[in-house]
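As structure tokens, the structure follows; a few thoughts come after it.
The values are calculated or read from the model by the stated rules, or taken from the named source; none is laboratory data. Worth saying up front: this structure is predicted, and the values here are computed from it rather than measured. Note that each Cβ is placed from the backbone with ideal geometry, even for glycine, and that neighbours are counted across all protein chains shown.
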């Protein structure tokens, strides 16, 4: 049976955040909970609560409540909920491969939580336990297409919708494991993806690279839709590397104006294996 010492002040801190349905907090908020204006007692108390397994130190001055019945060494916080907390005071959404996880469409383990933010965070990557939190800055034009999703029975986070997740991934394919991994995901989602919405998002996103990569993949996977011709009309004439995770050498595809630095076989074979 697990026994964790809980003092009156420890209980006050825990009740304060449980009542707010807030499991991650910073030192200044704990000061408010116990009425410690100078903060000296709070820092000592939080250090003791970490020692006794009541809290997990996320990073300097930031903590996560550990459920009483779970030993601290066995506790794994909800990555998505914690990612939303770490993006505090910024607009955000869970994006890229982490969004695919939330939507239930991933094909490989991924020990990274990717959070899209509208203002840059420094450092852009934070390690919490074994999980790397990556904050990806998107400017105002690229920051759209999110929705609220449940991550457990009590909490929701903002996450890019399916189509915006694909568009973001086309913008930075190396963030989702490269074009073959993205193609495999698109193929798995082909019955659920709204192609007209994809094309509208690509046009709104305003990236020539996204337009070309999307058109190329839709045709390669024989996903037919009238909107594909619209991509042909708005694609630019300069050449764009198809896969940002690969060296920039290969053959030139004149229809979609992409430098095809990965061949069709390498893209299609993971789909059918």
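Below are the figures for this structure:
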item	result
Contacts under 7 angstrom Cβ, first residue in the stretch 92-108 being within 16 Å of residue 187 (Cα to Cα), partner in a strand (DSSP E or B), 6 or more apart	97/114
Whichever residue in the stretch 173-196 is farther than 23 Å from residue 227 by Cβ and buried (at least 17 other Cβ atoms within 10 Å of the Cβ) and, among such residues, is farthest from the chain's Cα centre (by Cα)	180
Tally, over the stretch 186-196, of residues that are under 14 Å from residue 170 (Cβ atoms) and not in a loop (DSSP other than H, G, I, E, B)	2
Sole residue being part of a helix (DSSP H, G or I), buried (at least 19 other Cβ atoms within 10 Å of the Cβ) and at pLDDT below 95, chosen from 33, 11	33
Selected residue (criterion: nearest to the chain's Cα centre (by Cα)) from residues of the stretch 66-80 that are surrounded by 15 or more Cβ atoms within 10 Å (Cβ to Cβ) and under 25 Å from residue 181 (Cβ atoms)	80
Total residues in the stretch 224-250, condition within 18 Å of residue 271 (Cα to Cα) and surrounded by fewer than 16 Cβ atoms within 10 Å (Cβ to Cβ)	1
Complete set of residues in the stretch 36-55 that are more than 31 Å from the chain's Cα centre (by Cα) and under 14 Å from residue 14 (Cα atoms)	42, 45, 48, 52
Some residue of the stretch 248-256 being touching a helix residue (DSSP H, G or I) at 6+ places or on another chain (Cβ under 6 Å) and outside any loop (DSSP other than H, G, I, E, B)	no
Among the residues listed as 113, 89, 147, the single one being surrounded by 21 or more Cβ atoms within 10 Å (Cβ to Cβ) and either touching a residue at least 12 places away in the same chain (Cβ under 8 Å) or not assigned by TED's automatic domain parsing to the domain that holds residue 193 (or both)	113
Residue that is touching a strand residue (DSSP E or B) at 6+ places or on another chain (Cβ under 6 Å) and either part of a loop (DSSP other than H, G, I, E, B) or farther than 19 Å from residue 113 by Cβ (or both), where the choices are 209, 202, 183	209
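Residues are listed down the side, and each one gets a yes or a no for (1) surrounded by 19 or more Cβ atoms within 10 Å (Cβ to Cβ); (2) closer than 26 Å to residue 144 by Cα:
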| position | (1), (2) |
| --- | --- |
| 4 | no, no |
| 7 | no, no |
| 20 | no, no |
| 41 | no, no |
| 57 | no, no |
| 64 | yes, no |
| 104 | no, yes |
